[in-house]
Amino acid sequence: MNKTVFLTLAAVVIALSTISCVSGKKFKTLQDTSRQFMDERDDFKTRNIGLEMANRELEARVAVLEKQYATVKEDITKAQSERDKAVEEYNKISGKYNDLQNAQEDLIRGNVKETQKLLTELQAAQENLQRKEDLLRQLEQNLDTKKSSLDELTFELEKRNARLVELQKILDTQKKIVQELKNKVSDALLGFENNGLTVTMKNGKVYVSLDEKLLFKTASWDIDANGRNALKKLSGVLERNPDIQVTIEGHTDNVPYNPGSGQLKDNWDLSVKRATTVVRVLLEGSKIDPKRLTAAGRSEFLPVDARNTSDARQKNRRTEVVLTPDLSELYDLINKY
């Protein structure tokens, strides 16, 4: 929903109030409807933001896990290298120990002092060998711990990647729904595109923009035959796709509207009047549920070209039909994670 729905409805009420009196009960109903539209808009916006945030958070978490995975793998390689070095030193000391044992046997009958020296060296070699064995055991334990940690990180990384793939599928499905809607609208309005009418995708919605010259004369809200024909074709698409919510936005340039003593006071009134006129044409002879349509007047305050030139003002004088597909099923799927 557009963030100015409430202002839109307020403008509609002002315009209608200049024509006939509206009872307090009807006014209250309009206020309630406005609040409902604002709640729906906020809910849609929150869900859309939540999807994008969930996707970015998951990507960040995956990056952290991949970094941790690389670190643990490097630690394991280092631990294995230290273990191999310890084994090599252990083998050398074992060989020296055997040599000393042999030397002791050869000299057992010789000088007692020399024998004592050999015994001291042998004891030192035994102690050194024990330290190496302890170190090797510790390194092997550390290696097992690192491997266990690596397995846990690998499992977690696989889970994160699986969820990332699922979320990407959801986003792709959302884009596909919007793209299919755009294609349907473009096919229906083929003869009008680039002749005062454009169909674009933006923020998960389809925008049908109609230049002033296609619909209205300057300062008027009466739709000519060509514009009415385009709206009737669009009405057919909306009728065949009942899940689409529709917002019609009227836009003007920044030239003050001065009708004198006419029905309208300013550009706000003109933009709202044009939007409500388009709504009525879309509903004429169709089975479209009026609850799906919202008329909004944006006056001069949302230009597509902010330059103060004749060409820019012509671009800004337009009516936009904003089509929002029903993505509730997708968001229900997201909420399961």
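Tell me, in nm to one decimal, what length is gained between D32 and E193 on full extension, where the rule is 0.36 nm per residue of separation less the Cα-Cα distance?
Full extension from D32 to E193 adds 54.2 nm.
Which ³J(HN,Hα) values, rounded to whole Hz and listed in residue order, are derived for segment 130-140 from phi using the Karplus coefficients 6.51, -1.76 and 1.60 in 6.51 cos²θ - 1.76 cosθ + 1.60 with θ = phi - 60°, glycine and proline given as x?
Karplus values, whole Hz, x for Gly and Pro: 5, 5, 5, 5, 4, 4, 4, 5, 5, 5, 5.
Quote to one decimal, in nm, the extra length available between Q179 and T145 on full extension: 0.36 nm per residue of separation minus the C-alpha distance between them.
This chain segment gains 7.2 nm when fully extended.
Of the listed values [x] 19.2; [y] 15.5; [z] 28.8, identify the label whose number matches mean projected area of the Cα convex hull in nm² calculated from this model.
Evaluating mean projected area of the Cα convex hull in nm² on these atoms matches [z].
If the elastic network links every pair of Cα atoms under 10 Å, which of Q104, Q263, Q245 fluctuates the most in the Gaussian network model of the chain?
Of Q104, Q263, Q245, the most mobile in the Gaussian network model is Q104.
Residue farthest toward the positive end of the dipole of segment 30-163, with Cβ of Lys/Arg at +1 and Asp/Glu at -1: which of A103, Q31, Q138?
Selected residue: A103.
Please list 3J(HN,Hα) in residue order for segment 82-91, calculated via the Karplus relation 6.51 cos²θ - 1.76 cosθ + 1.60 where θ = phi - 60°; whole Hz, with x for glycine and proline.
5, 5, 4, 5, 5, 4, 4, 5, 4, 5
Over the chain, with a Gaussian network built from C-alpha contacts below 10 Å, which listed residue (N308, N254, N48) shows the highest mean-square fluctuation?
Answer for the Gaussian network model of the chain: N308.
Grab the Cα-Cα distance for Q314 and E121, subtract it from 0.36 nm times how many residues apart they are, and report the gain in nm with one decimal.
Result: 59.4 nm gained on full extension.
From the phi angles alone, apply the Karplus equation (6.51, -1.76, 1.60; θ = phi - 60°) to segment 69-81 and give each ³J(HN,Hα) in whole Hz, x where the residue is Gly or Pro.
Coupling constants for segment 69-81: 4, 4, 5, 5, 4, 5, 5, 5, 4, 5, 5, 5, 5 Hz.
Using a 10 angstrom cutoff on alpha carbons, build the Gaussian network for the chain and name the most mobile of T277, T173, T218.
Among T277, T173, T218, the largest GNM mean-square fluctuation belongs to T218.
For the pairs K182/K291; K26/K291; K78/K132, note any where the Cα-Cα span goes beyond 20 Å.
In this structure, K182/K291 exceed 20 Å between Cα atoms.
FYI, it's all coordinate maths here, none of it is from the lab. Here the structure is a predicted model, which means the values were calculated and not measured. No Cβ is skipped: glycine too gets one built from the backbone with ideal geometry, and neighbour counts run over all protein chains shown.
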